[in-house]
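Enquirer: My questions will all concern the structure given below.
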Amino acid sequence: MTKTFLLGLGCQKGGTTWVYDYLMGSAQFAHGYRKEYHVFDALDLDSEAAVRRRLFAQARFEGDPQPGDRAAAKAAHRLSMYLDPELYFDYFAGLLHSTPDARLVADMTPAYGMLTPERFGMIRDGFARRGVTTLPAFLMRDPVERIWSQVRMHARLYESHPAGAQDSAGFLLEHHADSSYARRTRYDLTLAALDEVFAPEEVFHGFYEELFTDDTTRRLCNQAGIDFVKPDVDKRVHASPTTDVIPETTTRAVAQHFGDVYRAVAARFPGVELDELWPSSRYVT
């Protein structure tokens, strides 16, 4: 029986939480104590300094944690994986042997989409030494819609975030090129990095706009080596509600700024009708 590690690479606001929630419904999925472990982004990415700070802060205990303190145990465990990534591989390999039915484990941390080919190769090899196959899963969403959803999330979750001080469409126009939004939208770079390490058939590529269907989830299950379970396609997790409308001038400006992304995705997936899937691509030539 094949044992598989699902390396969830995002994109952020691309449906990764829905996918993880879907996998939780499978008896063949051995879930850990969280969806996102944030080990390799904390290790590698200068942009994720806040992740590192949280990792360290959560493991600095006030007083003496008592036996049975699961929150302290999880914080200590995550820090241990950061300090010694071999423990990361051991942890997930152990989950795969926790029950006779276990076939799949996952770490779905969208920031992993910004990792280098060298790190992807290191993850693949670390699991291969333990007899586990790595399946990268990369979901993509129309760049305009992805960034707009991230803006709304920031405004909803963080009281001090400047996105909450104006309408989300206006903020989108002014800040879509900011690194906090742009670097998570460079699907072209993620696709190129994956292609250096994995063959195309070794990666699950998906589109948010096609995610909530039997066809996409069946394809995911087939690649992950688990039995198909019919999804609840009407369920949405962590959706960012909106009452705003994006003006066409804003859609055009954002789409053209990320023209290289649209062109790379169109070239990489010639069978996909991108003008139908991502309507904003009409502004990119």
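The values are calculated or read from the model by the stated rules, or taken from the named source; none is laboratory data. Bear in mind the structure is a predicted one, so any value in this text is a computation, not a measurement. Every residue, glycine among them, receives a Cβ derived from its backbone with ideal geometry; neighbour counts consider all protein chains shown.
Enquirer: Which residues, taken from segment 94-113, are among the β-branched types (Val, Ile, Thr) and not in a loop (DSSP other than H, G, I, E, B)?
Expert: Val105, the sole residue that qualifies.
Enquirer: Which of the residues belonging to segment 100-147 are more than 19 Å from Glu36 (Cα to Cα) and hydrophobic (A, V, I, L, M, F, W, C)?
Expert: Scanning segment 100-147 gives Ala102, Ala128, Val132, Val144, Ile147.
Enquirer: Is segment 48-55 home to any residue that is more than 23 Å from Phe120 (Cα to Cα), over 18 Å from the mean Cα position of the chain (by Cα) and crowded, with 17+ Cβ neighbours inside 10 Å?
Expert: Initial filter on segment 48-55 (more than 23 Å from Phe120 (Cα to Cα)): 53-54.
The next check asks that each one be over 18 Å from the mean Cα position of the chain (by Cα); those that pass are 53-54.
When the remaining residues are screened for being crowded, with 17+ Cβ neighbours inside 10 Å, the result is none.
No.
Enquirer: Between Asp84, Asp90, Asp69, which is farther than 24 Å from Gly126 by Cβ and either out of contact with any Asp or Glu (no Cβ under 9 Å at 6 or more places or on another chain) or surrounded by 13 or more Cβ atoms within 10 Å (Cβ to Cβ) (or both)?
Expert: Going through Asp84, Asp90, Asp69 in turn, just one is farther than 24 Å from Gly126 by Cβ and either out of contact with any Asp or Glu (no Cβ under 9 Å at 6 or more places or on another chain) or surrounded by 13 or more Cβ atoms within 10 Å (Cβ to Cβ) (or both): Asp69.
Enquirer: Within segment 231-247, can one find any residue that is modelled with pLDDT of 95 or more and not hydroxyl-bearing (Ser, Thr, Tyr)?
Expert: no
Enquirer: Out of segment 21-39, which residues are in a loop (DSSP other than H, G, I, E, B), among the aliphatic types (A, V, I, L, M) and surrounded by 19 or more Cβ atoms within 10 Å (Cβ to Cβ)? First the steps, then the outcome.
Expert: Looking only at segment 21-39, we keep the residues that are in a loop (DSSP other than H, G, I, E, B), and these are 24-28, 30-39.
Next, from what is left, pick out any that are among the aliphatic types (A, V, I, L, M): 24, 27, 30, 39.
If the condition is that a residue be in a loop (DSSP other than H, G, I, E, B), among the aliphatic types (A, V, I, L, M) and surrounded by 19 or more Cβ atoms within 10 Å (Cβ to Cβ), then Ala30, Val39 are the ones that fit.
Enquirer: Anything in segment 114-156 that is part of a helix (DSSP H, G or I), over 16 Å from the mean Cα position of the chain (by Cα) and within 17 Å of Tyr91 (Cα to Cα)? List them, or say none.
Expert: The answer is Met122, Arg124, Asp125, Gly126, Phe127, Ala128.
Quick grid of which residues meet (1) under 18 Å from Leu9 (Cα atoms); (2) part of a helix (DSSP H, G or I); (3) within 19 Å of the chain's Cα centre (by Cα):
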| residue | (1), (2), (3) |
| --- | --- |
| Tyr181 | yes, yes, yes |
| Asp188 | yes, yes, yes |
| His205 | yes, no, yes |
| Gln223 | yes, yes, yes |
| Ile226 | no, no, no |
| Thr251 | no, yes, no |
| Ala266 | no, yes, no |
